[in-house]
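A quick write-up on the structure given underneath.
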Amino acid sequence: QVQLVEYGGDLVQPGGSLRLSCVASGIDISTYSMSWYRQAPGKEREPVAYISNYGDITNYATSVKGRFTISRDTSKNTVYLQMNSLKPEDTAVYVCCARHSEAYWGQGTQVTVSS
């Protein structure tokens, strides 16, 4: 059974930082491309960051480039999203996705950026 479980969401002030974790079980993330998506209230889910199955290619949404960093630790089967210089518009549920020939999704973790 494949499970993706996200951790690390919290309430943070503008300008602050958070690190999200996505722990995978039932798959080997080194054979999957991994992505973070987010969905804000009333908006569609949007891609935020991507890391290839080899870990050598990363891509970011324009809105987060230079502030967010995606990484992975294959020994822990975990993907991370380091988020710096957070803005109120980053408020959303952040969801992890693993893709190979199929896609698996986590349940998400809430990130709220507010003073």
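When we screen D28, D56 for residues that are open to solvent by 60 Å² or more (accessible area, probe 1.4 Å) and closer than 17 Å to V2 by Cα, the only hit is D28.
Among the residues of the stretch 24-57, those that are within 14 Å of A103 (Cβ to Cβ) and within 13 Å of the chain's Cα centre (by Cα) comprise A24, S33, M34, S35, W36, Y37, R45, P47, Y50. Annotation: of all residues in the stretch 62-72 being touching a helix residue (DSSP H, G or I) at 6+ places or on another chain (Cβ under 9 Å) and either within 11 Å of L20 (Cβ to Cβ) or in a strand (DSSP E or B) (or both), the one that is most open to solvent (accessible area, probe 1.4 Å) is R72.
Yes/no per residue for (1) in a strand (DSSP E or B); (2) open to solvent by 50 Å² or more (accessible area, probe 1.4 Å):
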position: L4; (1), (2): yes, no
position: G9; (1), (2): no, no
position: P14; (1), (2): no, yes
position: L20; (1), (2): yes, no
position: E44; (1), (2): no, yes
position: S75; (1), (2): no, yes
position: V79; (1), (2): yes, no
position: E89; (1), (2): no, yes
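Looking at the stretch 91-109 only, could you name the residues that are surrounded by fewer than 20 Cβ atoms within 10 Å (Cβ to Cβ) and aromatic (F, W, Y)? Of everything in the stretch 91-109, those that are surrounded by fewer than 20 Cβ atoms within 10 Å (Cβ to Cβ) and aromatic (F, W, Y) turn out to be Y104, W105.
For every residue, the table says whether it meets (1) more than 26 Å from S114 (Cβ to Cβ); (2) touching a helix residue (DSSP H, G or I) at 6+ places or on another chain (Cβ under 8 Å); (3) charged (D, E, K, R).
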position: G8; (1), (2), (3): no, no, no
position: P14; (1), (2), (3): no, yes, no
position: L20; (1), (2), (3): no, no, no
position: G26; (1), (2), (3): yes, no, no
position: S30; (1), (2), (3): yes, no, no
position: G42; (1), (2), (3): no, no, no
position: R45; (1), (2), (3): no, no, yes
position: N53; (1), (2), (3): yes, yes, no
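Considering T31, T69, the condition of being without any contact (Cβ under 8 Å) to a residue 24 or more places away in the chain and among the hydroxyl-bearing types (S, T, Y) is satisfied by T69 alone. Listed conditions (1) outside any strand (DSSP E or B); (2) in contact with a strand residue (DSSP E or B) (Cβ under 8 Å, 6 or more places away or on another chain) are all met by S85, apart from (2).
If only residues of the stretch 31-42 that are open to solvent by 20 Å² or more (accessible area, probe 1.4 Å), out of contact with any Pro (no Cβ under 6 Å at 6 or more places or on another chain) and farther than 15 Å from R72 by Cβ are counted, the one that is modelled with the lowest pLDDT is P41.
The values are calculated or read from the model by the stated rules, or taken from the named source; none is laboratory data. Everything numeric in this text was worked out from a predicted model, so none of it was measured. With ideal geometry, Cβ positions are generated from the backbone for all residues, glycine too; neighbour counts draw on all protein chains shown. Protein only, heavy atoms only, side chains kept; ligands, DNA and RNA dropped before computing areas. Shrake-Rupley method; radii C 1.70, N 1.55, O 1.52, S 1.80 Å.
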